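A.B. asks: Once you've had a glance at the structure underneath, I'll fire off some questions.
Here, each number is a calculation from the coordinates, and none is a lab measurement. None of these values were measured; they are calculated from a predicted model. Here the Cβ is made from the backbone with ideal geometry for all residues, glycine too, and neighbour counts use every protein chain on show.
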Amino acid sequence: MDVIEAITNRRSINKLNQDAPPKELIEKILQAGNWAPTHHGTEPWRFYVITGDSRRKLGEVMANLRRAELGDPNSQESTIILESEAKKPLRAPVIIVVGVLPSDNPKVIEIEEFEAAGAAVQNMLLTAHSLGLGTKLRTGGAAYSGKVREFLGMNSRERILGFIYLGYSDAAPPTSSRGSVTEKTKWLS
Ligand SMILES: Cc1cc2nc3c(=O)[nH]c(=O)nc-3n(C[C@H](O)[C@H](O)[C@H](O)COP(=O)(O)O)c2cc1C
C-alpha cells in the first residue's frame, strides 16, 4: 500500500471483533514503531502487548480507578458504570500500550522524547492499516494513572502515551475529515 494512501485512508476503528491477529503481524507493527525517528538515538518508546486474560486484569485496574471517583460505589448506577469500565479492554483482542521513557541524558529535551514516541504510534497505526488490521488509539484517565503504570511494571519515570486497540473489523470504516491545511500553514519565502 502506498504510504500516502495509508495515511489518508487510515481510520480509527471503534468496533473490532475478537479474532486474534497472528503474532507475526503484531511483531511487524512493533518493528514499525521501533523505526520511528529518534534524536540522540535514545529510542524512548516502550511497548506492552496486552492479550488474553491480561485485558481483564487491566479492566479491573481501570474499574478500581473509576470506583475511587464515584460517590456511592455500591449503588446500582455505579455498578453499571464499573462493569462497563472493566469491560473496556475487552473491546479488542490486542492492546499495545505505548510508553515513553525519557532519557536522563542532560542533552536530551524531554518533549522530543514524546515526539519520537508519537511518531512510533503513527508508524504502528499505518502499518496495522496496511496489513488489513484496524486500530483505535485511546487515552482517557487510564493513560495518566500511576496504578496503570504500576500494573504494567513501568519504570517510575515512564509515561503512557496511549493504548492502541488492535484487531479486525467486520464493519466498513467510518468517514473522517480534516479542516483546511491552508489555514494551518504559513509559507515564508
Ligand atoms: C492522543 C490521542 C488520544 C486519543 N484518545 C482517544 C480516546 O480516548 N477515545 C477515542 O474514542 N478516541 C481517541 N483518539 C482518536 C481520535 O478520536 C481520532 O483520531 C479522531 O476522531 C479522528 O479520527 P480518525 O483517526 O479516524 O481520522 C485519540 C487520538 C489521539 C491522537
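A.B. asks: Relative to the first principal axis of the alpha-carbon coordinates of the chain, what is the inclination of helix 110-130, with its axis defined by its Cα atoms, in degrees from 0 to 90 and to the nearest 10?
C.D. replies: In the chain, helix 110-130 runs at an angle near 90 degrees to the longest axis.
A.B. asks: Based solely on its DSSP helices, what 222 nm [θ] is calculated for the chain when runs of n ≥ 4 H residues each add -39,500 (n - 2.57) and the sum is averaged over all residues, nearest 500 deg cm²/dmol?
C.D. replies: Details: 6 runs with 74 residues, N = 189.
About -12000 deg cm²/dmol.
A.B. asks: Percent of Cα-Cα pairs per 10 Å bin, from 0 to the last occupied bin, for segment 65-164, please list those.
C.D. replies: 13, 36, 31, 16, 4, 0
A.B. asks: Oh, and also: What spacing in nm lies between the two simple spin-label points modelled at E77 and A6, each 7 Å away from Cα in the Cβ direction?
C.D. replies: It works out to 4.6 nm between the two label points.
A.B. asks: By how many degrees, between 0 and 90 and to the nearest 10, does the Cα long axis of helix 23-34 differ from the longest principal axis of the chain?
C.D. replies: 60 degrees
A.B. asks: Near K15, which lysines are there with a Cα under 18 Å away, not counting those fewer than 8 places off in the same chain?
C.D. replies: Within reach: K87, K88, K136.
A.B. asks: Would you list M1, M124, M154, M62 from fewest to most Cβ contacts within 10 Å? Working shown, then result.
C.D. replies: On the way: M1 13, M124 27, M154 19, M62 23.
Fewest-to-most Cβ neighbours within 10 Å comes out as M1, M154, M62, M124.
A.B. asks: What do you get for the angle between helix 53-67 and the principal long axis of the chain? Use alpha-carbon atoms, 0 to 90 degrees, nearest ten.
C.D. replies: Here the helix axis deviates by roughly 70 degrees.
A.B. asks: Need the C-alpha centroid separation for segment 114-189 versus segment 30-69, integer Å.
C.D. replies: Centre-to-centre distance over Cα atoms comes out at 11 Å.
A.B. asks: Just to compare against my own numbers: the Cα pair-distance distribution for the chain, 10 Å bins, whole % per bin, please.
C.D. replies: The percentages, shortest bin first, are 9, 31, 33, 20, 6, 1, 0.
A.B. asks: Of V100, V121, V49, which has the largest mean-square fluctuation in a 10 Å C-alpha GNM of the chain?
C.D. replies: V49
A.B. asks: How big is the dipole moment of the chain about its Cα centre under a simple scheme where the beta carbon of each Lys and Arg is +1, that of each Asp and Glu is -1, and everything else is neutral? Debye, nearest 20, please.
C.D. replies: Numbers: 24 positive and 22 negative charges, 43 e Å.
Using only the charged Cβ atoms, the result is roughly 200 debye.
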